[in-house]
């Protein structure tokens, strides 16, 4: 067995984390965990690295992740607890993560009951008059060049009128590292007000709050975002305080 090959103990611990991670998700297509160490380092309470990969993971608000990939450097653990399958970190470790969301999965999440409920009964002002807005539909197009194109149809309750708008925006990292904010480049449509566009945008981007992707012990902080053709690539940094186990 080569120096870089995992031993049976590492494989067993990796499987424990895989099962623990799967138990904390609504659904998953593939999960792979690779804990790398050797007997000498393990006795000293050290894992050389941890790599977590997943495909088709469904997390909060019915949001599906096309892929997620998390990598760490050396991890300090309690070796005695680990022998019994309880991988307890003795101090936090830094890691990097990359999450890919497809345009189709984002739009599916926009149509879920949770997000739809957030887009009903919006109290706004148009032409100096208070109005109540119900968003009938909203969709996101990712044409590339780091742009979002959002289209929505909404009803003005008081007038019982259906109106539509679309807007192009550039995603930016919010200062708190959890959320994405949008800089509007252009907008057009019927009954359009900037406040209406911003309210709808805020509710839609709330879905992409990284706290929706948190797994117990693994909290993500947004570092960089790329809006590519048909997909959103999120680069994040994280501090891991525990690895998922049953």
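Worth a mention:
- A single member of 97, 82 is surrounded by 15 or more Cβ atoms within 10 Å (Cβ to Cβ), under 16 Å from residue 14 (Cβ atoms) and not assigned by TED's automatic domain parsing to the domain that holds residue 116, and it is 82.
- Within segment 225-246, tally of residues that are over 30 Å from residue 77 (Cα atoms) and either under 15 Å from the mean Cα position of the chain (by Cα) or in a helix (DSSP H, G or I) (or both): 6
- Within segment 30-78, tally of residues that are surrounded by 20 or more Cβ atoms within 10 Å (Cβ to Cβ), more than 30 Å from residue 206 (Cα to Cα) and in contact with a helix residue (DSSP H, G or I) (Cβ under 7 Å, 6 or more places away or on another chain): 3
- Residue that is surrounded by the fewest Cβ atoms within 10 Å (Cβ to Cβ) [pool: residues in segment 205-216 that are farther than 14 Å from residue 26 by Cα and in contact with a strand residue (DSSP E or B) (Cβ under 6 Å, 6 or more places away or on another chain)]: 205
- When residues of segment 175-191 are limited to those that are out of contact with any helix residue (DSSP H, G or I) (no Cβ under 8 Å at 6 or more places or on another chain) and buried (at least 16 other Cβ atoms within 10 Å of the Cβ), the one nearest to residue 129 (Cα to Cα): 191
- Residue among 180, 184 that alone is touching a residue at least 40 places away in the same chain (Cβ under 8 Å) and in contact with a strand residue (DSSP E or B) (Cβ under 7 Å, 6 or more places away or on another chain): 180
- Restricting the first member to segment 4-16 and to residues that are surrounded by 13 or more Cβ atoms within 10 Å (Cβ to Cβ), and the second to residues that are modelled with pLDDT of 65 or more, the beta-carbon pairs closer than 6 Å and six or more apart or on different chains are 10/35; 10/37; 13/35; 14/33; 14/34; 14/35; 16/85; 16/245.
The values are calculated or read from the model by the stated rules, or taken from the named source; none is laboratory data. This structure is a prediction, so every number in the text was calculated from the model and none was measured. Glycine gets a Cβ as well: all are built from the backbone with ideal geometry, and neighbour counts include every protein chain shown.
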